[in-house]
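The structure appears right after this line, and notes come after that.
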Amino acid sequence: MIVVAGEALIDLVPSAAEGLASAEGLAPAAQPAPGGLPALLPRLGGGPFNTALALGRLGARAAFCSRVSSDRFGTELLRALRADGVDTALVQRGPEPTTLAVAEIGADGSAGYRFYAEGTADRLFALPGPLPAETRALSLGTCSLVLEPGASAYEALLRREAARGVLTALDPNVRADLIPDAEAYRARFRAWLPSVGLLKMSVEDAEWLGGDPRAWLAAGPDAVVLTRGGEGLTALTRDGEWSVPAEPVEVVDTIGAGDTVNAALLHRLAAHGALVPAGPRRLTGEEWRDVLAYASRAAALTCSRAGARPPYAGELAERP
């Protein structure tokens, strides 16, 4: 089992970026609001949520660990996970509202966000009891490791599971607007590295964090995977470096692309028997290129359609 821990939220996406398509069971198609502002359509999202959903769609045995509101949005978030086979038994519930993230889509399809997270349910996540005995990997990242008091509980979960031999994966997925003290967060990030087995991030996040990915390898991770947008993906280990190009695709938007990479990496690593301590470090160059190419294909499909809509396993099998 792969457990994904972190926030589930609602992305409010400009209708122009969606071709005025209807939301996923949450709202009908909307016309632009008066005054030139686009209508905002609700989309199920959040980096960890997207990662768990993508794992389920790819056929992995996955579970989601979070605190989710008992409001309508929270109910829809859990319904979607269950529909794609994700176990939600580890989810805590609370009456506080669901976090909202307002997306702004650039001309190139890139997405920026403004978050409304004060007093929301996912911030009150508490350290859970033991994870299922069959857990082989734990994936964390994004807002959940920033917003207190939940961030400290997720950090404790990371350290506890790493200490008991679970392969841990971290995607910081930096949201700078949510980080009040950048230097304090950078120091905290470095303190996580001894407990991280697989570190995945964009080159933009690596630059913001101000470090050298090779130096981060020396601090603990077995592998670092860098996403480079249209230039593809690169994996670094202590023994080498391997890259694959990006899959050619007409980009609609990039919402959820990095989260799809997270899921595809873990799913393909499992296929190579690498969801064990030091497993990623032992892969050959050929195996790493296979893992990266699989993740690249999955991310391309997500980028080819509006919103965070990760592919199913059958869609990947159909690609030439």
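Working out 0.36 nm times the residue gap between THR75 and ARG93, then minus their Cα-Cα distance, what length gain in nm do you get to one decimal?
Additional length available on full extension: 5.5 nm.
What distance in nm separates the simple spin-label points at GLU207 and TYR312, each placed 7 Å from Cα in the Cβ direction?
3.9
Quick one: work out the % antiparallel among DSSP beta bridges in the chain, nearest 5.
That works out to approximately 45 percent antiparallel.
With a ≥ b ≥ c taken as the square roots of the eigenvalues of the C-alpha gyration tensor of the stretch 99-257, please select rounded if a/c is under 1.5 and otherwise prolate if a/b is larger than b/c or oblate if it is not? Write out the running numbers ahead of the final one.
Numbers: a/c = 1.63, a/b = 1.09, b/c = 1.50.
Oblate, because a/c is 1.5 or more while a/b does not exceed b/c.
Of the GluC sites (Glu not before Pro) in the stretch 37-144, which ones lie in a loop per DSSP and count no more than 13 other C-beta atoms within 10 Å?
Working: sites: GLU76, GLU104, GLU118, GLU134; in loops: GLU118, GLU134.
Within the stretch 37-144, the qualifying GluC sites (Glu not before Pro) (loop, at most 13 other Cβ atoms within 10 Å) are GLU118, GLU134.
Summarise the long-distance tail of P(r) for the stretch 76-151 by giving the % of C-alpha pairs beyond 16 Å.
Result for the distance tail: 65 percent.
Carbon and sulfur together cover what percent of the accessible area of the chain at a 1.4 Å probe radius?
54
If each Cα of the chain is one equal point scatterer, what is log10 of I(q)/I(0) from the Debye formula at q = 0.08, 0.11, 0.12 Å⁻¹?
-0.32, -0.62, -0.75
ALA176 to ALA219: FRET efficiency via 1/(1 + (r/R0)^6), r the Cβ-Cβ distance, R0 25 Å, to the nearest 0.05?
0.65
Enter the per residue convex hull volume of the stretch 158-212, computed from alpha-carbon coordinates, in Å³ rounded to the nearest integer.
Considering the Cα atoms of the stretch 158-212, their hull volume per residue is 81 Å³.
Keeping all protein chains in position, work out how much accessible area ARG175 exposes to a 1.4 Å probe, and write it in Å² to the nearest 10.
Spelled out: ARG175, probe radius 1.4 Å, area about 70 Å².
Restricting to DSSP H runs of at least four residues, report the calculated mean residue ellipticity at 222 nm for the chain, -39500 (n - 2.57) per run over all residues, nearest 500 deg cm²/dmol. Intermediate results must be reported in sequence, preceding the final value.
Working: 10 runs with 107 residues, N = 320.
Theoretical 222 nm ellipticity from helices: -10000 deg cm²/dmol.
Once you place label points 7 Å from the Cα toward the Cβ at VAL102 and SER243, how far apart are they in nm?
3.8
Given a 1.4 Å probe, how much area per residue of the chain is accessible, in Å²?
Values: 12620 Å² over 320 residues.
With all protein chains present, the chain gives 39 Å² per residue.
The values are calculated or read from the model by the stated rules, or taken from the named source; none is laboratory data. Predicted model, so just to flag it, every value in this text is computed and none were measured. For neighbour counting, all protein chains shown are included, and Cβ atoms are generated from backbone atoms with ideal geometry for every residue, glycine included. Keep in mind that these areas ignore ligands, DNA and RNA; they rest on the heavy atoms of the full protein, side chains included. Shrake-Rupley method; radii C 1.70, N 1.55, O 1.52, S 1.80 Å.
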